[in-house]
Every structure is written in structure tokens, then in C-alpha cells.
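Here is the structure we will look at, set down as C-alpha cells.
Throughout, read-outs are computed from the coordinates displayed, never taken from laboratory work. Predicted model, so just to flag it, every value in this text is computed and none were measured. Methodologically, a virtual Cβ is constructed for each residue, glycine included, from the backbone with ideal geometry; neighbour enumeration extends over all protein chains shown.
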């Protein structure tokens, strides 16, 4: 075969050969094909829109009392509620035990849930990734301190730790900021950053022995460049999965704390607070409790579907 | 092995000490004294002073801490600020209820999860497998109190099969036990299935099969034995899940256990009780983790050698 013919043949093969895709493009492809994950994503997007446009969408002020003293059943034609005599078409999902519009409260609650889901996890990501990176790459005293903190934090379930923080600091001026939201962010971040740092540290420990890192070091790349250009992108997979599962667990922490009465304070509406307040009248009128409970279940499932989808997309071997 | 066990048991103390320090520090970071004038319950200043002196609240912090730790060593957890009982009495009277609830839930979880996980793995992608995965996903995703709300709405309010709240008769126990077990069941099913799938693909299983052993012998003697090792390690996290799950369920169903007392004490800011119950929980979880490590060493010779 002449040289020209060989070149022509090579060009032909190039055309035929599959278009190159990066790891992340591959992952995106697998994620989009996962129906449960896409469904979860749609639910989360809707909840996000509700949260952002709550002031526009919600028909009423979530803290204002309308049907003084009396609670109203929802107006939906639902067999469960058939036979309830209080029906008022102005309040689509009825009113709660002290006469506030349930629909408006549910919509405003999605705001708190979204904020509580995303803000602490963003803090956890920033602190966890930087500390984990430093501890893994440099070792030494940063690593020692991180491991000792880990020992203490890992001795307990997160929820117990959060509860003790809330039980004691809620009456502190810090606990009062934004109805307890600031303490919620701080508490969840304090409890969770350690896990993230451990995860990143483990990744870095194995990655820094790889040939490409050695090559980078050999040509004199500074540590900051090695960390940001070589270690971070390669350690990102498991971190993204941890973030995806961190968001619903932060939301759940808020829900649980508010449910037992130590989280976000009334009159701020959150699903947990609504359950806590409505529980007193649960046996006579279950709807003020059933609806926020359904919201929590739906959002938790949506996030789990997305988290599972991301995990399976990034590393199909992790699939169970 | 014995030195290992002894060392691990001794290591419990520093862990619990750190926990006590953290809990103590947080409890005292709360502003004011528990006997500050309360508009709902005004106390004369002399009484407040006497109360402060009685409970040692007026002393410097390090002295209070030394006092607390000294009492702790003698298993004296102090008196409740709200009830006329000592913390030790409260725990002694109410912990058995929680323990019963927790153990019932643990046995129920094991009874469902182990067979379900094993069958799921042996019949991968069958209907049972899909059902098992669905249960595992729902059980780990939907919070226990949300499940409790729907369960009580359906079985208690609508069908009237079980009482709404309370404790005592078997009828009272069905729902709380089942719901508390749900999380642990989901968790255990997942682990059992994954661990079985891993064991099935090992070389020694292929060897056993090529020797012509019966499928039953292979599953029982080669797969199950090895697959149960990771399952044993889950006792630690499962205990933690049962403890934290228990106070939510006890609160929801008004069960007179220590978990409900814990939530009440938090809402009433009854610090001695909060600290006492928290330390109890810490001890339970630390002991569970210890047991796991020891059991792990006993059943898997490789661990023992490396230590």
C-alpha cells in the first residue's frame, strides 16, 4: 500500500470511529437515560420553582389566620374527606388548626426545605473538599487533627449531635437568627463536613501516587496546580455522589428536628413544623399533617432517585 | 485476641469522656441559668439563689465539670430539674420500655431482611428481588415519622385496627415496632443482598460447583457463611439507627420510653436529663461498635492476624 493510500485509509477509519466522549459526557448520557432519575429531577425542579416563586404562587400569607378558631377541610372531592361538613372553596387544601391556609404554608415550606438542603451542603462541600485535599496531600498535623475530630464525630449518629446542638444553642442569640435557620445551616455543616473531608482525603491519598501526579511533580508543577488541575477533577466523582445524597439528608434533619419541636420555630412554615403543630389535632382532622408528610416523602424520594441515578452514571460498578 | 478485647474496652473510656466534655460544654453554652426568672413561673430571688447553690450552678465552670465527672464515676447522673426523680431513676424506669421496643424491632428486621436479602441475591432480577430493592429504597428514603403518620392514618384512624397512641398491650406494639424496624430492615436487606452477590462470584464457589457439590451445600456452606461476615458489621450502625429511630417513634406514639423522655427533656431544657440520656445513647452505640469489632475478629481470622 502506498503512503497516500494508507493516509486515505486512516482518514476513512477516523470518520467511522466513534466520536470521543469524556467521562463526564458518558455519565451524563447514562443519567439522562435513567427514567427514575429524570422523574426525580422533574419533581425537584417543580419544588424549586415553587420555592423561588412562593410569594407569587401562594394564594395567601402563610402566617395569617383566616378561619378564626375553626379548621376547614380541603375542598378537593376526595373520598377520604367525604362527610366533613366544613368546606370552603377559598382554601383549596383547607386551613390548619388555627385557621391558616394550608396550601400557602406548604408552598412557603418548600422554600425552607430547599434552602436548608442546599446551603449547608454548599458549606460542607467547600470546607470538606479543602480540608480533605490538604490533609490527603500534605498529611502532617492537618491530617492528625482531622482524624481526631473524625473519631469523635463518627461516634454518634448525626441526628443526636444535631439535637444536642439545638437543645442547647437554640436560646442563644445565634439560635435566634432568622428563626433558627442560621443555626440549622451551621449545625448541619458542622456535623457533615467531616465525612466529606474524609472522603476527599481517601481519594487524594490514592490519587497522589498515580503516575500523572508524579509526572506533574517532576516537571515542577506547584502543589496548588497539582491539587486543582490533577487531584480535584479526578476525586470529584464520589464527591458529587456524596453531595447528591447530602441534600436530602439535610432536609430530613430539618424535618425531624422541627417535628420534635426543636428545629425551625413557628410561625415560620416548614413541613416539619406543620406536622409538629398539626399533630395535636391529628385524630380529629388529619389533613394538616398528612399533606406536609406527603410533601416530605415525595421530595425525599425524588432526591434519592436523582442520587442513585448520579451514582450509577458516574460509576456503574457501584450499582447495587 | 484477649489483649485486643481488653484494649478496645479500655478505649471506651476516652470516647465517653470526650462525649461528656462536649455535652457539658454545650449545655453550659446556653445562656443564663435554668433558674432565671421565668415570667410564667416567678420565683423569689432567695429561692433562685438557693436553687443555684444547691445545684452548684453558681460555682466556676471547671469546678462544676469536676463535680459532674466525679458524680458520673459513681454513676450519679444528678437530679432532673423538672421532675422529682433522679436521672438514674428515670433511666431505670423508662429504659426497659425502649429496650423492649428496640429489640423487638431488631428481631423483626433480621427475620425479614436476612431471608429477603438472600433470596433476592439468589434469584437476581426476579420479582422478589425487585420487591426487595423497592422495600430497601423506600425504607431508607421515607423518614420513619412520615411512614408513622400514614400508617396510623390508615390502620388506626380509618380502619380502627390498632390504637392511635400508647403502650402496653400487643396491639399497641405492632405499629411502632414495625415502623421502627423498617429502616433497619431496608438497610440489612441491602447489605445482605450485596454481600451475597459478592460471595456468589468468588472462585471458591466456582470450585465447589465444579466439584459437583449440590446447589444447597454450596449456598449454605460456601456462600452464606462468607456472606454473613459483612452483615455482622452492620449491628453497630443498626443499633445507632434503632436508638435515633426509637426516640422519634416513641415521641410520635407517646410510648413511655427513654426516647420520649429525651425529647421532652430537650423541650423543657432539663439539662441533667439531656446529658444523662445522651451519655446513655453514646454508651449503647460505643458498646455496639465494640461488639461488632470483636465479633468481626472472631468470625474472620484475617482481621485477627492483621491486628
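Some observations on this one:
- Above 20 Å, the calculated P(r) of the stretch A:127-245 contains 52 percent of its Cα-Cα pairs.
- Cβ crowding within 10 Å averaged over residues, with B:66-76, A:242-252 ranked highest first: A:242-252, B:66-76
- Relative contact order of the stretch B:87-257, defined on C-alpha pairs under 8 angstrom at six or more residues apart (%): 34
- Within 10 Å of each Cβ in B:261-267, the average number of Cβ atoms from other chains: 4
- Here is how the number arises for chain B: DSSP H runs of 4 or more residues each give -39500 (n - 2.57), the sum is divided by the residue count, and the result at 222 nm is -24500 deg cm²/dmol.
- Of A:228, A:109, A:22, the one that fluctuates the most in a GNM where chain A has Cα springs shorter than 10 Å: A:22
- Number of partner chain Cβ atoms within 10 Å, mean per residue of A:223-235: 0
- Cα gyration tensor category, rounded, prolate or oblate, for chain B with a/c compared to 1.5: oblate
- Taking the fewest neighbouring Cβ atoms within 10 Å as the starting point, the ordered list for A:50, B:101 is A:50, B:101.
- Debye intensity ratio I(q)/I(0), log10, the stretch A:106-193, q values 0.14, 0.16, 0.20 Å⁻¹ (C-alpha model): -0.59, -0.74, -1.01
- Highest-first arrangement of B:204-211, B:235-242, A:257-264, where packing means the average Cβ count within 10 Å: A:257-264, B:235-242, B:204-211
- Distance from the stretch B:263-286 to the stretch A:226-269 (C-alpha centre basis), Å: 25
- Fluctuation leader among A:124, A:273, A:204 - chain A, Gaussian network, Cα springs under 10 angstrom: A:204
- If you run the Gaussian network model on chain A, springs between alpha carbon atoms under 10 Å, then out of A:95, A:284, A:268 the most flexible one is A:284.
- Going from the fewest other Cβ atoms within 10 Å to the most, the residues B:214, A:113 appear in the order B:214, A:113.
- When the alpha carbon gyration tensor of the stretch B:158-307 is reduced to an equivalent ellipsoid, the three semi-axes, largest first, read 40, 22, 9 Å.
- The stretch B:87-257 shape via C-alpha gyration tensor axes, a/c threshold 1.5: prolate
- Chain A, helix-only ellipticity at 222 nm - DSSP H runs n ≥ 4, -39,500 (n - 2.57), divided by all residues, nearest 500: -22500 deg cm²/dmol
- For A:159-167, mean number of other protein chain Cβ atoms within 10 Å: 6
- Relative counts (whole %) of C-alpha pair distances in the protein assembly as shown, using bins that are 20 Å wide: 16, 48, 30, 6, 1, 0
- For chain A: rounded, prolate or oblate by the Cα gyration tensor [a/c cutoff 1.5]: oblate
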